[in-house]
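Data first, discussion second: the structure below is written as structure tokens.
The values are calculated or read from the model by the stated rules, or taken from the named source; none is laboratory data. A quick note: this is a predicted structure, and the numbers were derived from the prediction, not measured. Here the Cβ is made from the backbone with ideal geometry for all residues, glycine too, and neighbour counts use every protein chain on show. Just so you know, the surface numbers come from the protein's heavy atoms only, side chains and all, with ligands and any DNA or RNA stripped out. Shrake-Rupley method; radii C 1.70, N 1.55, O 1.52, S 1.80 Å.
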Amino acid sequence: MKRKVAIIGAGASGMVCAITAASGNNTIKIFDKNSRAGRKILATGNGRCNISNTAITMEHYHGHHPSFVRHALKQFDRDKMDSFFRSLGLELTGVEDGRLFPMSLQASSVVDFLEFACRKKGVTFVFESEVLDITPENGGYKLSYEGGRERFDAVVIASGSGAMPSLGSNESGYTFAQKVGHRFYDPFPVLVQLISADKQCTRASGVKVDAVLSAVIDHQTEQTIRGDLLFTNYGLSGLAILDLSRTISSALYHGRSASVRIDFLPDMPLPSLKKALTVRAKTFSSMPSSLLLNGLLHKKIVAMLFEKLHIDGSKALSGKPLQSLAYEIKNFEVKIADTRGPKGAEVMAGGVDCSEIDPKTMESRLHSGLFFTGEVVDIDGDRGGYNLHWAWASGYLAGKRLSL
Ligand SMILES: Cc1cc2nc3c(=O)[nH]c(=O)nc-3n(C[C@H](O)[C@H](O)[C@H](O)COP(=O)(O)OP(=O)(O)OC[C@H]3O[C@@H](n4cnc5c(N)ncnc54)[C@H](O)[C@@H]3O)c2cc1C
């Protein structure tokens, strides 16, 4: 069927949807408030674009109905993704932990190929044109946008989330969804740095360590991982913090208490550490305690531990205070006051309620011809290429449906 289709958002899901839908006889216009396509894609993976992962499975997705992704992941699996991007001219490469990137390691390659494929298939881009309103009308939709009004047979809301508004993101997708009667779950930031109220933390600002980290929610350990932790002047950052951040952010959003427990010496069990420190303290009995941990931990970390335990670094340490120090090295708890919010977040959890969307086509169950793709939907993925994969897969499903 030949249709006039509007896509709101020239981002990841919008462009894949356009390329796929253009395989039919459709006339397609993509609106974007930015002056160019794929602005957020350019910022992904530190400019390298972690496009997907070799292990795309449902466990990596979250939301109120995470099984919603099942069909999309099956239809747009690893092989399909490879062949889709290869058919555009883009070659992918993998790194050890399963993350996939364009072979050039340049996010701009991904945008270039997506935009070129859209244009080759006759898709029209309308840049610097924010869609302001959408109204169902006579079996179609009237769109008001900066610069005009127009009727379309079908509309795809691919407008993303409000994560990192500096890249032009906003929450208009939820407003459009609500306007036409869709429910949505309030967004909250995930894959985001954490702010601590503990001043000691800032003592170690700038220090990066490999540690085992646990998210402790209402005094219960809910998630434990090992990885990079970076102390900053506001709290905690680093890849492992991003990986813990959904658990923490969700807890804070629901009014629960949250902290991060840090094991600074994960390869040394507590009894061994206690023993080692005792032997060291005995061997170097006149050594000031600040030197006792020298070479084991970064000096700024030692200063932070001493401040917390009120240890005078100029004096020798033994007995119970030494045992407490060993315990603290393995169980240093940092209270989390907040996240850095949408402005620091890579992704927002929450979004349009999946139960009102057909998982096979991404079409609204309330309005035919209306589609939701990508991050605007109440699905968020782990770090590692899962969010972009969801954007590609959901955009593909909507495009496929529109191409029939
Ligand atoms: C810094 C950063 C790094 C990231 N790194 C990765 C990574 O390496 N791997 C990964 O998997 N994910 C990563 N993500 C997440 C990923 O980029 C997003 O999940 C994905 O881009 C979402 O795709 P989308 O199609 O839903 O929306 P987007 O790609 O955000 O596109 C939405 C588009 O809609 C436009 N728009 C919004 N409202 C309107 C309107 N009313 N009118 C007109 N246009 C509008 C916006 O300008 C935007 O261009 C990262 C995110 C950030 C911020």
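Name the helices (runs of 4 or more DSSP H) wholly inside region 228-297 in which the number of residues that are open to solvent by less than 60 Å² (accessible area, probe 1.4 Å) and under 22 Å from GLY313 (Cα atoms) is 3 or more. Steps first, please.
On the way: elements: 239-253, 270-283, 289-292.
Output list reads 270-283, 289-292.
What is the residue count in region 310-344 for residues that are under 19 Å from PHE231 (Cβ atoms) and not aliphatic (A, V, I, L, M)?
11
Test VAL123 against the stated conditions and say whether it is in contact (Cβ under 8 Å) with a residue 24 or more places away in the chain, buried (at least 18 other Cβ atoms within 10 Å of the Cβ) and within 13 Å of the ligand (Cβ to nearest atom).
no
Yes/no matrix, rows are residues, columns are (1) farther than 30 Å from TYR386 by Cα; (2) in contact with a strand residue (DSSP E or B) (Cβ under 7 Å, 6 or more places away or on another chain); (3) not aliphatic (A, V, I, L, M):
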| site | (1), (2), (3) |
| --- | --- |
| ARG246 | no, yes, yes |
| ILE262 | no, yes, no |
| SER289 | yes, no, yes |
| LYS308 | yes, no, yes |
| ASP312 | yes, no, yes |
| GLN323 | yes, no, yes |
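Out of everything in region 355-392 that is within 27 Å of SER83 (Cβ to Cβ) and more than 11 Å from the ligand (Cβ to nearest atom), what residue ends up being most open to solvent (accessible area, probe 1.4 Å)?
LYS360
For region 332-380, list the strands (runs of 3 or more DSSP E) that sit wholly inside it and hold at least 2 residues that are among the aliphatic types (A, V, I, L, M); which are they? Steps first, please.
Working: elements: 332-339, 347-352, 370-372.
Of the strands (runs of 3 or more DSSP E) lying wholly inside region 332-380, those with at least 2 residues that are among the aliphatic types (A, V, I, L, M) span 332-339, 347-352.
In region 182-208, which residues are open to solvent by 50 Å² or more (accessible area, probe 1.4 Å) and assigned to a loop (DSSP other than H, G, I, E, B)?
ARG183, ALA197, GLY206
Okay, residues lined up against (1) free of Cβ contacts under 8 Å to residues at least 40 places away in the same chain; (2) not small (Gly, Ala, Ser):
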position	(1), (2)
ILE28	no, yes
PHE31	no, yes
ALA55	no, no
SER67	yes, no
ALA72	no, no
LEU88	no, yes
LEU92	no, yes
ALA117	no, no
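Given the conditions (1) farther than 22 Å from ILE262 by Cα; (2) within 16 Å of the ligand (Cβ to nearest atom), report the number of the one that THR339 does not fulfil.
With respect to (1) farther than 22 Å from ILE262 by Cα; (2) within 16 Å of the ligand (Cβ to nearest atom), THR339 is out only on (1).
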